[in-house]
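Written below as structure tokens is the structure these notes are about.
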Protein chains: 4
Amino acid sequence: MSRHAQRQGEPLMVSFVYRRQLTVEWGHCDPAGIVFNSRFFEFFDRSTWLMFEAALGMSSAEFKKVFGVVGIPLVEAKASFLRPAKFNDGAEIASDVSEFRRSSFDVRHQMFIDGQLAAEGSETRVWAGRDPTDALKLKSKPIPTAVIERFRA
Amino acid sequence: MSRHAQRQGEPLMVSFVYRRQLTVEWGHCDPAGIVFNSRFFEFFDRSTWLMFEAALGMSSAEFKKVFGVVGIPLVEAKASFLRPAKFNDGAEIASDVSEFRRSSFDVRHQMFIDGQLAAEGSETRVWAGRDPTDALKLKSKPIPTAVIERFRA
Amino acid sequence: MSRHAQRQGEPLMVSFVYRRQLTVEWGHCDPAGIVFNSRFFEFFDRSTWLMFEAALGMSSAEFKKVFGVVGIPLVEAKASFLRPAKFNDGAEIASDVSEFRRSSFDVRHQMFIDGQLAAEGSETRVWAGRDPTDALKLKSKPIPTAVIERFRA
Amino acid sequence: MSRHAQRQGEPLMVSFVYRRQLTVEWGHCDPAGIVFNSRFFEFFDRSTWLMFEAALGMSSAEFKKVFGVVGIPLVEAKASFLRPAKFNDGAEIASDVSEFRRSSFDVRHQMFIDGQLAAEGSETRVWAGRDPTDALKLKSKPIPTAVIERFRA
């Protein structure tokens, strides 16, 4: 985890970057000996959860309670595969929120192997609570400033 | 699906066998080019659900309502891998209940490729409802005779 | 499978659409009771392979031999999740090649539940053979006209 | 990792136990909110590879070269599910070789959550090289004493 400087237009901003290491497992790989595409989306989903826990300093169960959300459902996911990730490769995944909007946000993931970018991902997610008129449905909610602040500073 | 004769001690019984075809997918296989072990357990889990739907003639959502169960949680799973199952292999999985006990039962799965046994599995599952003293917990329930009858005859 | 009319600029073209049915399995779903995002990418990957086998009228093993390719590696994958896909939902996935370029192509996937679009996906893949200067590496190759023709007419 | 005393008949033996921590991910869990059964087999498979790397002090790529094996293919896998493992639960998996035979061996896995046994697994694997009479086939080989020694002492 670290906070690094990042220019998003003006002014200069500092944003929270969550980093974790993982090793490519036998079960992640396909007959070509490289990570099967769906596994990258598992890796990125996991990194998003871990990034929120790290940025907010609480477990995902806690932040659901504290902020009255049901979750952060994914509405779009994308990945580009640039270099093969092979069995036993050590990788680092760096993740940050590239944009917060009123009730949705984008996450960016970069997976490095030997310092080289092997895969890039992006996710769009919604800050979602229960629909007050229908408890079985979800409804997007404004993302609290307190949450966004934890990813800045 | 078929019903075949099977001697389980005495008397001669006829038991329901659920059969389905599947083709081994690229994403099922590991770098050795064969189905990764955890996938067999997915296949067998799926066959058990489909077998119950076929034997009872109702969807799993319906049979939960009709019989007041929450599910049929797995307490033990086992598989033996006899021959490699490779990408694009066409397989047949035959499944039956090898034993019904008071509130649990055993399922047997056999996966054939080109008529030869490639993998064998077994599962032990519980017929489970809500615990009347604690709604968050499950409690095993006696398996109704009507259910068992659907697997006999 | 069907061939449907589709205007891509001029002239009017007819393109091959591969359709398949699948039922959402218990093991596909997450604690929210809906299909976990990585599973959609498994579904779409599988549909692409099946579409090629259907369009070319041969198994993937055969088309690799016939056309001298090692595979059709994925370089980009994307999905949008529009409506929840739940356990036991019956779905139809319709897939077609939205564009053939010299040595790469795009696949589009649409997953319908009860006639409504639940998820949309797209993939960019490369037509890849062995690198003649390094047998361990892949190299993109021109897609044969005979292949493209099978997706038209 | 640790070496602990374990009585296997006589004499008292000390065997290598490989321990690792993992946190249950959202994508590991099913609609009941607990780890889907096939995921335990992924966890155990991974622990076996890591245990060999730790015991032998080399990567799996290295030990294949050093010992002339193609791999340690699984011929049987089994798991018992004793307590639910839920999203975000922190778990410890302890693995050891419960028996070495001439060319096969058994691995035992125990997964603890909050110090309580949540799942138990066992695997039977073969020490396998290429068949000298058919390079496409595997053939079991005697397990070198040097390997077995690394799990004792």
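The values are calculated or read from the model by the stated rules, or taken from the named source; none is laboratory data. The shown structure was predicted, so the numbers you read here are calculated from the model rather than taken from an experiment. So basically every Cβ, Gly included, is an ideal-geometry build from the backbone, and we count neighbours across all protein chains shown. With ligands, DNA and RNA removed, areas are computed over all heavy atoms of the protein, side chains included. Shrake-Rupley method; radii C 1.70, N 1.55, O 1.52, S 1.80 Å.
Based on Cβ point charges of +1 for Lys and Arg and -1 for Asp and Glu, what charge dipole magnitude is obtained for chain B about its Cα centre, in debye rounded to the nearest 20?
Here chain B has a charge dipole of around 480 debye.
Across peptide B:72-79, what mean number of C-beta atoms from other chains lies inside 10 Å of a residue's C-beta?
Whole-number average of other-chain Cβ neighbours for B:72-79 is 6.
Per-residue Cβ counts within 10 Å, from other chains only, averaged over A:125-135: what number is that?
0
Could you tell me which of rounded, prolate or oblate describes the protein assembly as shown, using a ≥ b ≥ c as the square roots of the eigenvalues of the alpha-carbon gyration tensor, with rounded for a/c under 1.5 and, failing that, prolate when a/b is larger than b/c and oblate otherwise?
Rounded is the answer for the protein assembly as shown, as its axis ratio a/c remains below 1.5.
Across peptide C:33-44, what mean number of C-beta atoms from other chains lies inside 10 Å of a residue's C-beta?
Averaged over the peptide's residues, the number is 6.
Treat the stretch B:61-134 as a sphere of radius equal to its Kirkwood radius over Cα pairs and apply Stokes-Einstein at 20 °C in a medium of 1.002 mPa s; give the translational diffusion coefficient in µm²/s, rounded to a whole number.
150
Hey, can you grab everything whose amide H is under 5 Å from the amide H of C:Cys29? Only 5+ residues off in sequence or another chain; H modelled, so Pro and N-termini drop out.
Residues meeting the amide H criterion: C:Phe36.
In deg cm²/dmol, rounded to 500, what helix-only [θ] at 222 nm does the protein assembly as shown give when every DSSP H run of at least 4 residues adds -39500 (n - 2.57) and the total is split over its residues?
For the protein assembly as shown, the value works out to -7000 deg cm²/dmol.
In debye to the nearest 20, how big a dipole does the stretch B:78-132 give about its Cα centre with +1 on each Lys and Arg Cβ and -1 on each Asp and Glu Cβ?
Using Cβ point charges on Lys, Arg, Asp and Glu, the stretch B:78-132 gives about 220 debye.
Helix A:37-56 against the longest principal axis of chain A: what's the angle in degrees, Cα atoms only, rounded to the nearest 10?
Roughly 50 degrees between the two axes.
What pairs in B:Lys64/C:Lys86; A:Lys64/B:Lys65; D:Lys64/D:Lys139 have C-alpha atoms more than 24 Å from each other?
Too far apart for the 24 Å limit: A:Lys64/B:Lys65.
Please state the relative contact order of the stretch D:58-145 as a whole percent: Cα pairs under 8 Å, 6+ residues apart?
It comes to 31 percent, rounded to a whole number.
With the Cα gyration tensor of the stretch C:15-70 in hand, give its eigenvalues times 5 under a square root as the equivalent ellipsoid semi-axes, listed largest first in whole angstrom.
Listed largest to smallest, the semi-axes of the stretch C:15-70 are 29, 12, 8 Å.
Enumerate the calculated ³J(HN,Hα) couplings along the stretch B:76-83 in order (Karplus 6.51 cos²θ - 1.76 cosθ + 1.60, θ = phi - 60°), each rounded to whole Hz, writing x wherever the residue is Gly or Pro.
8, 9, 8, 8, 10, 10, 9, 9
Mind putting a number on the dipole of the protein assembly as shown about its Cα centre? Charges go on the C-beta only, +1 for Lys and Arg and -1 for Asp and Glu, and I need it in Debye to the nearest 20.
With Lys and Arg at +1 and Asp and Glu at -1, about 0 debye.
Name the most mobile residue of D:Asp96, D:Asp114, D:Asp106, meaning the one with the largest mean-square fluctuation, in a Gaussian network model of chain D with Cα contacts below 10 Å.
Result: D:Asp114 has the largest fluctuation of those listed.
At 25 °C and a viscosity of 0.890 mPa s, what translational diffusion coefficient does Stokes-Einstein give for the stretch D:50-94, taking Rh as the Kirkwood radius over Cα pairs? Give it in µm²/s as a whole number.
Rounded to a whole number, D works out at 180 µm²/s.
Quick one: accessible area per residue over the protein assembly as shown, 1.4 Å probe, rounded to a whole number of Å²?
45
What are the semi-axes of the equivalent ellipsoid of chain A, taken as the square roots of 5 times the eigenvalues of the Cα gyration tensor, listed largest first and rounded to whole Å?
Sorted largest first and rounded, they come to 29, 19, 13 Å.
Pairs of alpha-carbon atoms within less than 8 angstrom and 6+ residues apart define the contacts here; what relative contact order does chain A have, in percent?
Rounded, it is 25 percent for chain A.
Could you give me the ³J(HN,Hα) list for the stretch C:103-108, computed from phi with Karplus coefficients 6.51, -1.76, 1.60 and θ = phi - 60°, whole Hz, x at Gly and Pro?
Values, residue by residue: 9, 9, 7, 10, 10, 10 Hz.
Please compute how much accessible surface disappears when B pairs with D, both sides summed, using a 1.4 Å probe, and round it to the nearest 100 Å².
Roughly 1300 Å².
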